[in-house]
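Enquirer: There's a structure below that I have some questions on.
The values are calculated or read from the model by the stated rules, or taken from the named source; none is laboratory data. What you see is a predicted model; the values in this text were computed from it and never measured. Reconstructed Cβ throughout: ideal geometry from the backbone, glycine too, with neighbour counts over all protein chains shown. Keep in mind that these areas ignore ligands, DNA and RNA; they rest on the heavy atoms of the full protein, side chains included. Shrake-Rupley method; radii C 1.70, N 1.55, O 1.52, S 1.80 Å.
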Amino acid sequence: MFTMNKIAKIITLSLFLVYGILFAGTTGKIAGKITDKNTGDPLIGANILIVGTNFGAAANIDGEYFIINIPPGDYVLKASMVGYTPTVVQSVRVSVDQTTRINIELSEETYQLSNVVVTASKPIVQKDLTSTEAKISGDQISLLPLEDVSSVVNLQAGVVDGHFRGGRSNEVKYLIDGVPVNDAFTGQSSLNAEVNSIEEIQVLTGTFNAEYGEALSGVVNQVTKIAGEKIDGNISVYSGDYLSNRTDLFSNIDNINPSDVYNFQGNLSGPIPGFSNFLKFFLSGRYNYDDGYLYGKRVFNPSDSSNFADNNPDNWYIGSTGDNAFVPMNYNKKFSLQGKLSFNVSGDGKGLVFTGLYQDREYKEYNHEYKLNPDGDYTRYEKSFLGIASYTLVLSNEAFIDFVASGIHSKYQQYVFEDPLDPRYVNPDRKKDVSGNSFLTGGTENWHFNHTTTSITGKTDAIWQFDNVNQVKAGIEFQYHNLEYEDFQIILNATSNFKPMLPEVGAFNYNTYKANPYQFAAYIQDKIELEYLIINAGLRFDYFEPDGEFLKDPNRINVLDELQPPFPDSLLQKAEAKYQVSPRLGISYPISDRGAIHISYGHFFQIPPFENLYRNPNFRIPLTGDFPSNIGNTIGNADLEPQQTIMYEIGLQQALSADLGITITAYHKDIRNLLSTEIYIKNEFRKFSKLVNKDYGSVKGVTLSFEKRFSGGFGATLDYTYQVAKGNASDPNDVFEKAQANPPIDANKQLVPLNWDRTHSLNFTFTAGVPGDFIGSFIGRMGSGLPYTPSLQNQRTGLENSDNKPGIFNADLYLMKYFDLASFKLSVYVKVYNVFDSANELDVFGDTGRAGYSLELTRNQEPPRGVNTIKEFYTRPDFYSAPRQVVLGASVEF
């Protein structure tokens, strides 16, 4: 028979299924039991409150309570009951998607009038953890030499330069306050929150729950700060430069200039005066400039012309008009702003929140050929804006719904001069003045690349604590994308009198397209918390509508040369919708009060980056010409299947003492439907490729982590990863590039080590000092060398990735001293990156396996026709990691 209570529960669950979503977690939970200290009996109706908030609960008939919908942070709890002395529990840490258990014993009231004060300590073993994840608080980040989110992520076990457990770098989902911020065009993160605005970073490298989608390898959830009860803020500045004695490798490294690296950042937050109970704000901003450590020298200007055709070097003509100034060739300039407004419209929860983030970045990527003509190479520009509006509807102490609407707009541009008709663009023949192994003595890169992605998302997050055991999540999400792409070549030839002109739109050297794909997803998930077992079980459904057409038979591509878009249906076919159902299961079994074993399993689904679906939309394959690697060689495929991964994991958490713990995890990934290319031939001689789902891979590994919580004046962590990551290819274009080799190379028929397969990785941190007085911290990273393919004179001498580069070692240092100045706290600090100036070899020559020496230097060959020697050209500073960097700074808190 249905009681009113059961009917109410069924109706509530139905509402969740209608209104819920797959909104990533941004809140946590506190739960526990309140008992009589003397008898151990449960205290029915005892009140527990989070001090300074509206969050609270009352104990049930078993003395148990729970409080949900709590943003991550440190809190103070107060438990009270008539006839008992109130108890205050300090330093209660709440983390995203986890339950913080606080059991409280109340003593019968005596003449003592003050509260009983207890300090909580977060347990080493998180018993409700059913897969691998790391949570790093903003306070922890502030004590280490970490500049951005990527440096925090790369410090975690199983992560190698943005590759999570052997996956490709674009297989990771990045979130800010639970909202996706990946650029759908590239699959990479469009923007990240600055570390001074982060409350907590959640890094999921294991089999994450059903609420997380569109990721094959991992999830990074950045939860930003919310304003407190009073106005506070922080202003920080630093400056510095690179310091190294390796002057033979790094040009201009001995010219120390504090303005080469500088940073300004600050934040301000609190209630708005006059509306303190209703409206709060958080503002954060940062401007960062880094000149980089790779310099060119402006010996030549792009318009310079030289002649090295004569066999006698004495007769060479060198037209050099440069000023010989050093020019940064891998600089980075970034400006970011973040704002958050919180309206407590109902007085019973988070209410209405508006968030905005803006990021503007300008940078260069080093191009060795342009070392003496640095102004002729590309500059890259990225602008992103994220807007979020969320409303929390609190239905009861057991249930709430987050309604979220968000939009992210990302724009990427790449060019030498902004105006494509700029007269400073020069004849591409200037790049042919020199021979191979020579620095360019003139010329410009004559292409423009522009793409804009706008993604609009509507979703809701619903959580219902059904009872003390079951926490149910269910939801839906809809995401609409608008893609606009353009690339074109600037034409300079005799016909145009060598003045810049543009080709016709739709030609093979002027590609444009617009597309409006959309996605839908739904999931349901239950977190079951028993004393002896915790289960996370969920099911996820993903649907994708590509909004595109693909070429039925690439062998008929020559027919399109005689046609103009739109092409007939006999040649093209509309891409079909894609969908998948993905089960996820995680189980944690506490083996004692100090240990727990977890196992997890899941299927994961991800649409390939959209640039691969719509590339070369006019299917133009030129028969001749020198084009960038992504132009004129490959056609996209709007009918690509989703990439898929099946992941398994088993792990053990064990506390060795109250502040020392160890975690051991073993994992396996089976990866299918990765992007690859298929070879076709046009007019019986011109090879081109079509993107298809062919690549596959397999990853297995073990991680071992130690953590010493900060106590007794110091804390430390150590993470070791052993991993074997293999696949048939590291790059989707691998098959095409091998077909273009001379002689052609067969595609792999067996698994080979992937380019990012670092077999052994060790990260460790050490922090010591007295918080509020002085802090010193140290980060160390060690790793075996990444694989490379042995070769001699561009011909392979071994199997693909059959040898390894030298191992790496890096150490960073951070020292800070605090001073109290009236109501302000001043701190001065020094950060030293790569303390020992380690010469880590990130790239190597195929004939030696080293970055500093090639057998080409010993070969009897004709000297380059240019202004450099063969040794100068084979001196590659870009093959090494950044040299030592030292910055000095100060910050003021108020």
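Enquirer: In whole Hz, what ³J(HN,Hα) sequence does segment 694-700 give by Karplus (6.51, -1.76, 1.60; θ = phi - 60°), x for Gly and Pro?
Expert: 9, 6, 8, x, 8, 10, 9
Enquirer: Let me know the Rg and Dmax you get for segment 344-475 when you use only its Cα atoms, in Å.
Expert: Expressed in Å, the Cα Rg and Dmax of segment 344-475 come to 25.8, 77.
Enquirer: If you take every residue apart from residue 475 with its C-beta less than 15 Å away from the C-beta of residue 475, what net charge results, scoring Lys and Arg +1 and Asp and Glu -1?
Expert: Local charge sum for residue 475: -3.
Enquirer: Just flag the GluC sites (Glu not before Pro) in segment 524-560 sitting in loop per DSSP whose Cβ has no more than 11 other Cβ atoms within 10 Å.
Expert: 531
Enquirer: Report, to one decimal in Å, the Kirkwood hydrodynamic radius for segment 645-712 based on all distinct Cα pairs.
Expert: Answer for segment 645-712: a Kirkwood hydrodynamic radius of 16.1 Å.
Enquirer: Take the Cα atoms of segment 142-186, find their three principal axes, and give me the spread along each one in whole Å, biggest first.
Expert: Principal-axis extents of segment 142-186 (Cα, largest first): 34, 26, 15 Å.
Enquirer: With runs of 4+ DSSP H residues as the only contributors, calculate the mean residue ellipticity of the chain at 222 nm using -39,500 (n - 2.57) per run, divided by the residue total and rounded to the nearest 500.
Expert: It lands at -1000 deg cm²/dmol.
Enquirer: When the accessible area of segment 156-282 is split by element with a 1.4 Å probe, what percent falls to carbon and sulfur?
Expert: Percent of accessible area from carbon and sulfur atoms in segment 156-282: 54.
Enquirer: Now for a separate question. Quantify how much of the Cα-Cα distance distribution of segment 599-705 extends past 19 Å, in percent.
Expert: Of all Cα-Cα distances in segment 599-705, 61 percent exceed 19 Å.
Enquirer: Here's another thing I want to ask about it. Pairs 225/708; 78/225; 411/514; 473/527; 135/173; 297/871: which exceed 20 Å Cα-Cα? Don't skip to the end; give the middle numbers.
Expert: On the way: 225/708 26 Å; 78/225 23 Å; 411/514 14 Å; 473/527 8 Å; 135/173 16 Å; 297/871 17 Å.
Distance filter (> 20 Å) returns 225/708; 78/225.
Enquirer: On each of the three principal axes of the Cα atoms of the chain, give max minus min coordinate, whole Å, ordered largest first.
Expert: Cα extents, longest axis first: 105, 67, 55 Å.
Enquirer: Residue 768 versus residue 259, label points 7 Å from Cα toward the beta carbon: distance in nm?
Expert: Taking the simple label geometry, residue 768 and residue 259 are separated by 3.9 nm.
Enquirer: If you don't mind, another one. If I take the Cα coordinates of segment 450-522 and project them onto the principal axes, what are the three extents in Å, biggest first?
Expert: Ordered largest first, segment 450-522 gives principal extents of 80, 16, 14 Å.
Enquirer: What Kirkwood hydrodynamic radius do you get for segment 686-787 when you take the inverse of the mean 1/r over all pairs of distinct Cα atoms, in Å?
Expert: 17.2
Enquirer: Accessible area per residue of the chain at 1.4 Å probe, in Å²?
Expert: 43
Enquirer: Counting other Cβ atoms within 10 Å, which chymotrypsin sites (Phe, Trp or Tyr not before Pro) in segment 615-723 have at most 10 and lie in a DSSP loop?
Expert: Working: sites: 619, 648, 667, 680, 685, 688, 696, 706, 710, 714, 720, 722; in loops: 619, 685.
Counting only loop positions with at most 10 other Cβ atoms within 10 Å, the chymotrypsin sites (Phe, Trp or Tyr not before Pro) in segment 615-723 are 685.
Enquirer: Suppose each label sits 7 Å from its Cα in the direction of the beta carbon; what would the residue 531-residue 307 distance come out to in nanometres?
Expert: 9.4
Enquirer: While we're looking at this one, here's another question. Going by amide H atoms built from the backbone, whose H comes under 5 Å of the H on residue 104, apart from near neighbours?
Expert: The list, which skips near neighbours in sequence, is 33, 34, 35.
Enquirer: Lys and Arg at +1, Asp and Glu at -1: add these up for the other residues within a Cβ distance under 9 Å of residue 534 and post the number.
Expert: Net charge in that neighbourhood comes out at 0.
Enquirer: Right, something else. Return the whole-Å distance between the Cα centroid of segment 481-509 and the Cα centroid of segment 791-851.
Expert: Result: 40 Å between the Cα centres.
Enquirer: Moving to a separate point now. What is the log10 of I(q)/I(0) for segment 177-267, computed with the Debye formula using one identical point scatterer on each Cα and no solvent, at q = 0.12, 0.16, 0.19, 0.22 Å⁻¹?
Expert: The computed values of log10 I(q)/I(0) come out as -0.68, -0.88, -0.95, -1.06.
Enquirer: Hand me the trypsin sites (Lys or Arg not before Pro) from segment 727-768 located in a DSSP loop with no more than 16 other Cβ atoms within 10 Å, in residue order please.
Expert: 749
Enquirer: Jot down the per residue volume, in cubic angstrom and as a whole number, of the convex hull over the alpha-carbon atoms of segment 750-806. Write out the running numbers ahead of the final one.
Expert: Working: hull volume 6.1 nm³, N = 57.
So the per-residue hull volume is 107 Å³.
Enquirer: May I ask you to evaluate 6.51 cos²θ - 1.76 cosθ + 1.60, the Karplus curve with θ = phi - 60°, for each residue of segment 193-205 and list the ³J(HN,Hα) values in order in whole Hz, giving x for glycine and proline?
Expert: After applying 6.51 cos²θ - 1.76 cosθ + 1.60, I find 5, 6, 5, 6, 10, 9, 7, 7, 10, 9, 10, 9, 10 Hz.
Enquirer: Share of segment 463-592's accessible area from carbon and sulfur, percent, 1.4 Å?
Expert: That share works out to 56 percent.
Enquirer: A further question follows. Taking 2.2 N^0.38 Å as the expected size of a compact globular protein, what ratio does the Cα radius of gyration of segment 70-173 give against it, to two decimals?
Expert: 1.52
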